[in-house]
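The values are calculated or read from the model by the stated rules, or taken from the named source; none is laboratory data. Not measured: the values here are computed from a predicted model. Backbone-built Cβ (ideal geometry, glycine too); neighbour counts: all protein chains shown. For the accessible areas, the whole protein counts, side chains as well, though only heavy atoms, and no ligand, DNA or RNA atoms are used. Shrake-Rupley method; radii C 1.70, N 1.55, O 1.52, S 1.80 Å.
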Amino acid sequence: MILELEHVYKDYIQGKMSVHILKDISLSVEEGEYLAIMGPSGSGKTTLMNIIGCLDKPTSGSYHLNGKDVLTYSDNELSDTRLYNIGFVFQSFHLLPKQTALENVYLPLIYAGISKKERIERATEALERVGLGDRLHFKPTQLSGGQQQRVAIARAIVNHPTILLADEPTGALDSSSGEQVMELFQKLNDEGITIIMITHDAEIASHAKRQAIIRDGILTGREALAYEKTTDSDN
């Protein structure tokens, strides 16, 4: 098991009130899985992703990643986990506008202390994996939205993470570019990368091999069709 959450709760204090965001979340993900977690706005899906991505800690419960208890980690150990074990892909691409695609992709390798020669080699390889080997020296403004997201994906995989976390990865893209990104995720998963994708879109989630639903901070294993039906009943 690459990842295991057990009885995770997350509360926030607002004034004198305690707001319950996540409620008794238990989730196991095996190495090589492709999981989509769906839910509407305010359901707790981004909070859950932040905990999985070691950007936040639960109020209670346990979290084991690669068999190790993440909740015992120091801040430096959490930083190292994010750097070496987890790749992040966001709805907004978070590319540095004045840097080329190559420079954006090798940025995490600078923090990892990799030599410049190896940084260039690994970043070039990552860009070739996402089909942008001919765009190494293009800046973000010279790339389409879909190409920018592929640069972001290359950056996420350049350090060979065990898990790729994607938060609404097609949210800023048109349908054609979104489909290309989904095809790329399938290719990366076929190559062995574990993917956990957060989305509100059942059609996008259908690309994953397993779906889970989060609503009002509670996670279930219903399929995408059930999600569509419950969403329709809310309207």
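Quick notes on this structure:
- Most to least accessible of Tyr12, Tyr111 (protein chains only, probe 1.4 Å): Tyr111, Tyr12
- For Met17, the accessible surface of its heavy atoms amounts to roughly 130 Å² (probe 1.4 Å, protein chains only, rounded to the nearest 10).
- Apportionment of accessible area to carbon and sulfur, the range 78-176, percent (1.4 Å): 51
- Accessible area per residue was computed with a 1.4 Å probe on protein heavy atoms; Met1 scores about 120 Å².
- Under 20 Å from the Cα of Lys68 - lysines, other chains or at least 8 residues apart: Lys57
- Helix-derived mean residue ellipticity, 222 nm - over the chain, DSSP H n ≥ 4, -39500 (n - 2.57), to 500: -11000 deg cm²/dmol
- Probe 1.4 Å - accessible area at His160, Å² to nearest ten: 110
- Unit charges at the beta carbon, dipole of the chain: most positive-side option, Ser177, Ile2, Ser43: Ser177
- Distance from the C-alpha centroid of the range 115-148 to that of the range 151-166: 13 Å, rounded to the whole angstrom.
- Segment Leu96-Ser79, length gained on full extension (0.36 nm per residue, minus Cα span): 4.1 nm
- The HN-Hα couplings worked out from phi for the range 10-20 by the Karplus form 6.51 cos²θ - 1.76 cosθ + 1.60 (θ = phi - 60°) are 9, 10, 10, 9, 10, x, 9, 9, 9, 9, 8 Hz, whole numbers, x standing for Gly and Pro.
- For the chain, the solvent-accessible area of protein heavy atoms averages 48 Å² per residue (probe radius 1.4 Å; ligands and nucleic acids excluded).
- Inter-part distance where the range 41-111 and the range 2-21 are each reduced to a Cα centre, Å: 18
- Evaluating 6.51 cos²θ - 1.76 cosθ + 1.60 at θ = phi - 60° for every residue in the range 23-31, the Karplus couplings come out as 10, 6, 7, 10, 8, 10, 10, 8, 4 Hz, glycine and proline recorded as x.
- Between Tyr34 and Ile195, Lys209, Arg210, the built amide H atoms are under 5 Å apart, and every one of these is 5 or more places off in sequence or on another chain.
- Of the residues Phe138, Phe93, ranked by 1.4 Å probe accessible area with the largest first, the sequence reads Phe138, Phe93.
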